[in-house]
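The values are calculated or read from the model by the stated rules, or taken from the named source; none is laboratory data. Please read these numbers as outputs of a predicted model, since none were measured by experiment. Here the Cβ positions follow ideal geometry from the backbone for every residue, glycine too, while neighbour counts run over all protein chains shown.
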């Protein structure tokens with residue numbers, strides 16, 4: 001298996017994964033979306049709410065705010081020594097107290113753990129008018145996207161087969177393929193047409209249709225995939241990718257142990 005990183009930022013990753021099957025690529029995609037645990041608001045105690053939002057609407061908005069997650073300090077409630085009853089190892093408390101007139105943002109929430117805080121401080125929660133007030137305490141726990149979307153660490157995760165563009169020797173360098181390519185991956189270089197960025201090819205095949213000589217052929221590599229994903233901000237793209245791979249490895253080992261008993 002080979003990995004060629006195209007882009008890696010705080011919240012986005014794009015890379016070419018080669019030497020694997022489509023099943024493995026899809027397993028990685030699904031692991032990114034649903035198997036990596038992150039912290040999310042699970043319980044909401046509303047002590048006062050005189051805003052225009054009903055309590056249920058306010059709780060829903062709070063529950064969907066991504067939280068920065070420290071996987072080294074917290075464990076899943078089902079795996080915690082407290083058996084999910086609630087302790088500092090599996091839960092963290094955040095409070096929100098605000099009075100209008102003002103707009104309340106996610107950054108106004110105060111956490112008992114400085115490492116755990118909203119991934120974005122500018123997510124609007126509610127607009128308070130004169131004399132409106134909101135006093136809330138929330139409990140965040142680890143969970144996975146398999147259980148609910150509020151625990152989904154990765155978003156926009158997908159992959160495609162790596163495109164393969166072949167230009168035959170009978171190409172007359174007319175340049176028609178270069179003109180119709182919407183992604184500008186073809187370029188006339190002297191007397192030859194060259195592929196400058198095959199990763200960006202959308203496989204639209206307009207170049208094939210424009211070639212009167214039939215010298216351009218498009219295909220794909222069945223064991224190479226261009227993978228892209230973004231994060232909610234709860235984890236960095238690097239952390240999410242590593243945790244997703246570790247999740248696949250762990251589940252594969254568990255399956256091996258089960259099969260070995262038969």
If only one of 165, 193, 178 is assigned by TED's automatic domain parsing to the domain that holds residue 12, within 30 Å of residue 30 (Cα to Cα) and more than 28 Å from the chain's Cα centre (by Cα), which one is it? 165
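Which one of these is more than 16 Å from residue 141 (Cβ to Cβ) and without any contact (Cβ under 8 Å) to a residue 60 or more places away in the chain: 92, 110, 126?
110
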Residue that is surrounded by the most Cβ atoms within 10 Å (Cβ to Cβ) [pool: residues in the stretch 50-71 that are without any contact (Cβ under 8 Å) to a residue 60 or more places away in the chain and over 18 Å from the mean Cα position of the chain (by Cα)]: 59
From the option list 33, 62, 28, single residue qualifying as part of a helix (DSSP H, G or I) and within 19 Å of residue 123 (Cβ to Cβ) is 62
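Please determine whether any residue of the stretch 69-80 is in contact with a helix residue (DSSP H, G or I) (Cβ under 6 Å, 6 or more places away or on another chain), outside any helix (DSSP H, G or I) and within 30 Å of residue 238 (Cβ to Cβ).
No, every residue in the stretch 69-80 fails to be in contact with a helix residue (DSSP H, G or I) (Cβ under 6 Å, 6 or more places away or on another chain), outside any helix (DSSP H, G or I) and within 30 Å of residue 238 (Cβ to Cβ).
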Please tell me if residue 121 is farther than 16 Å from residue 42 by Cβ, in the same structural domain as residue 68 (by TED's automatic domain parsing), outside any strand (DSSP E or B) and within 28 Å of the chain's Cα centre (by Cα). yes
